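Visitor: Input: one structure, supplied below.
The values are calculated or read from the model by the stated rules, or taken from the named source; none is laboratory data. It should be emphasised that the depicted structure is a prediction, and the values quoted were computed from it without experimental measurement. Cβ coordinates were reconstructed from backbone atoms using ideal geometry, including for glycine residues, and neighbour counts include every protein chain displayed.
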Amino acid sequence: MTQSGERDAAASTEGSGSTPVLAAQGLSKRYGPVVALRGVDLELYRGEVLGLIGDNGAGKSTLVRCLSGAEIPDSGEIRVDGRRVAFRNPLGARRAGIEAVHQTLGVVPALDIASNLFLGRERRRPGLLGTILRMLDVSEMQRAARRDVERLGIETLQDITQSVETLSGGQRQAVAVARAVAFGSKVLIMDEPTAALGVRESGQVLGAVKKLRESGLPVILISHNMPTVWELADRIQIMRLGRRIAVVTPRSHTMQEGVALMTGALNIAA
Amino acid sequence: MNETEEARGGSESAAGHGPERQAAGGQPHDIRAVGAPKRPLLHFLHRYPAAAPAIVLIIAVAVFQFLNPRLLRAQTISLMLQQLAVLGCLSIGQTVIMLTAGIDLSVGAVMIVTQMIMAELSITVGLPAWVALVIGLGFGAVAGGINGGLAAYIGLPPFIVTLGTLGVFTAIGLFLSAGTTIFFPNPSNLLLWTGNVVAFGNFHVTTGVFLMILLYLIVAYMLARTAWGRHVYAVGGSPEASQLAGIRVRSLLMSVYLLSGVLYGIGAWIQIGRVGNASTNISANLNLDSITAVVIGGTSLFGGRGVVIGTLVGAMIVQVFETGLALAGVQSFYLQFAEGLLVIGAVAIDHWIRALSTGSGRA
Ligand SMILES: Nc1ncnc2c1ncn2[C@@H]1O[C@H](COP(=O)(O)OP(=O)(O)OP(=O)(O)O)[C@@H](O)[C@H]1O
Ligand SMILES: [Mg+2]
């Protein structure tokens, strides 16, 4: 509870009407007969960690998939720094500085760790080799990948040229997290980033989230681990059945109240 | 912290996570151990997909040389290389398509139509040979584009698409040729250039062979050293992850089929040069032979793994078996028998290698 002072400060700046870095309004998405989102709003402010919780199937992943261009919402608006955007694919969101670790990870098993980190934004050799022959700068990418992994402090990834299919589920998750952290420049979205990680690796990833918040990068964190959310998040958006039920803070509501809201045992006006 | 949490919340925080944890997690302490190479042979084959076919090739050459020492004579080798050029060239396109987890059953048919178009335009219509060549290559690209368009943009399975276009292109080829063979009265016609012989002592190597080798080098470079190549492997291994990583999966697939179509066009050019005429009476086995070469060469039918040099070795194995069995004086069904065994062996190895990744994925 030593951080409560910081949280108060953060909460007050959010309240002061500054434009959210990322905002969604009335997002709806259906998959055939299944309605995943029913007009969801979301605001993410500078330098905050926004926890996103809800039962299985509440629409958390669908929401962040819309925010990161992996899914196109049926209706609703997305704004980055107040400007309306319409991502047609993940590349569009990436260009806007939004980086995501999806629940399905999105790493390619057949490629090695370094190739996965740079997938879709490969670096080419300088000079004619790069411009005419379009030659990849493999050693430079490996160097950068090693640095990114080290900076994250994930020691479990040792050989950067190891192919991802030979990694464990947790190591794969570490690769996905390292990639997002390395490239996220405006917003970082993490959909259950520690689901497959061991105690130690979870700690490292969550430590990285804290560092990112300190550096001012806002993070959306989805987790089923309530203590983690209550420890890390500045604000918590609770979802149920495709709707935003409430936005609370770790100080305004206890974990139990949060869970009660999430499951519908408790109701407050959203 | 208050311990009177509601049952559901309590169980969640105790277990740490939702159901995904059970699905993907397992014991946290496993994490370090799994990455270590426990089965060295498997990891070797995994890292060097061309290793197994290379060993098979060496053994095949040794056995057939033992059965009939004429195998490694300069004359036989020259002939084998010339015969290899067409199959080798077509199999490059087949490899790239298979790397994206596709398959092309129409490769031989496209090649046959393309060489008929080239010959008709040059001889019957009387266009300059280079114009006929360029139009022919363009047709190859269009044919590949049709396959690619149906597979990538409409999302039909490549197997069915190319089974359909196999029939269509075979029919078009027969229509264009009307059963005749088109001869080239002028030996200096550009379309025959690929049949020109360069002699190294007793070795007579055609320019078509050099062209094929050059194409292997180019495509090997593109696959190994460019972002496009990385994306080919990525899309073949995991289209969803590639899409999330910002790769335009459809246009990448389209580019692969277009490239393959052009390669089939070059294969047609090599074919015309090799036999000196154009007809539809070319072995219909080319379709399956190219798949055989790719699979024997260590490329996974499921996409995402393989190298184009492996395919060259695979095509050489097919060629050595063909020539070697003929020289050994055995009946031709033994060839089909042996090739069948090789394909099954190659697929079994691939299956074994894939167990490596799926196994650790569940760890
Ligand atoms: N690709 C899809 N096709 C069909 N239905 C889908 C798809 N993706 C999500 N859904 C449905 O949308 C609803 C919301 O799913 P979503 O994945 O967003 O939930 P979630 O809150 O992330 O759940 P979890 O905690 O289990 O990850 C669910 O009912 C789900 O079945
Ligand atoms: Mg989810």
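Visitor: Which of the residues belonging to the range A:258-270 are in contact with a helix residue (DSSP H, G or I) (Cβ under 9 Å, 6 or more places away or on another chain) and more than 14 Å from chain B (Cβ to nearest Cβ)?
Guide: Of everything in the range A:258-270, those that are in contact with a helix residue (DSSP H, G or I) (Cβ under 9 Å, 6 or more places away or on another chain) and more than 14 Å from chain B (Cβ to nearest Cβ) turn out to be A:Asn267, A:Ile268.
Visitor: Quick one: is A:Ile220 under 16 Å from A:Asp41 (Cα atoms), more than 14 Å from chain B (Cβ to nearest Cβ) and modelled with pLDDT of 95 or more?
Guide: Answer is yes for this residue.
Visitor: Any chance you could count how many residues in the range A:233-257 are within 14 Å of another protein chain (Cβ to nearest Cβ), away from ligand 1 (no atom under 16 Å from the Cβ) and touching a residue at least 60 places away in the same chain (Cβ under 8 Å)?
Guide: 1
Visitor: Would you mind telling me which numbered condition in (1) over 23 Å from A:Pro20 (Cβ atoms); (2) within 12 Å of chain B (Cβ to nearest Cβ) A:Gly207 fails?
Guide: (2)
Visitor: A further question on this structure: Does the range A:128-137 hold any residues that are assigned to a loop (DSSP other than H, G, I, E, B) and closer than 14 Å to B:Tyr221 by Cβ, and which are they?
Guide: A:Ile132, A:Leu133, A:Arg134, A:Met135, listed by residue number.
Rundown of residues vs (1) more than 16 Å from ligand 1 (Cβ to nearest atom); (2) farther than 22 Å from A:Glu43 by Cβ, yes/no style:
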| position | (1), (2) |
| --- | --- |
| A:Gly69 | no, no |
| A:Gly76 | no, no |
| A:Gly92 | yes, no |
| A:Ile113 | yes, yes |
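Visitor: Starting from residues that are polar (S, T, N, Q) and part of a loop (DSSP other than H, G, I, E, B), keep the ones in the range B:171-214 and report whichever is nearest to B:Leu84 (Cα to Cα).
Guide: B:Asn196
Visitor: Could you check how many residues of the range A:25-68 are within 13 Å of ligand 2 (Cβ to nearest atom), charged (D, E, K, R) and under 15 Å from A:Gln237 (Cα atoms)?
Guide: 2
Visitor: Related question: Is it the case that some residue within the range B:298-318 is surrounded by fewer than 19 Cβ atoms within 10 Å (Cβ to Cβ) and either more than 14 Å from chain A (Cβ to nearest Cβ) or part of a helix (DSSP H, G or I) (or both)?
Guide: Looking through the range B:298-318, none of the residues is surrounded by fewer than 19 Cβ atoms within 10 Å (Cβ to Cβ) and either more than 14 Å from chain A (Cβ to nearest Cβ) or part of a helix (DSSP H, G or I) (or both).
Visitor: Looking only at the range B:33-63, filter to residues that are crowded, with 16+ Cβ neighbours inside 10 Å and at pLDDT below 85; which one of those is farthest from B:Ile309 (Cα to Cα)?
Guide: The residue in question is B:Val34.
Visitor: Just the residues that are at pLDDT 90 or above and either closer than 23 Å to A:Lys60 by Cα or in contact with a strand residue (DSSP E or B) (Cβ under 8 Å, 6 or more places away or on another chain) (or both), please, taken from the range A:114-130.
Guide: Within the range A:114-130, A:Glu122, A:Arg123, A:Arg124, A:Arg125 qualify.
Visitor: Tell me which of these B:Gln271 doesn't satisfy, since it passes every other one: (1) crowded, with 18+ Cβ neighbours inside 10 Å; (2) not in a helix (DSSP H, G or I).
Guide: For B:Gln271, the exception is condition (2).
Visitor: When you scan the range B:148-162, do you find a residue that is closer than 24 Å to B:Ala119 by Cα and touching a Ser or Thr at 6+ places or on another chain (Cβ under 8 Å), even just one?
Guide: no
Residue by residue, here is whether (1) under 17 Å from the mean Cα position of the chain (by Cα); (2) not in a helix (DSSP H, G or I) holds:
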residue	(1), (2)
B:Phe66	no, no
B:Arg70	no, yes
B:Ser78	no, no
B:Leu90	yes, no
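Visitor: Moving to a separate point now. Would you mind listing the strands (runs of 3 or more DSSP E) fully within the range A:10-127 where at least 3 residues are farther than 30 Å from B:Gly237 by Cα and within 14 Å of chain B (Cβ to nearest Cβ)?
Guide: A:49-54
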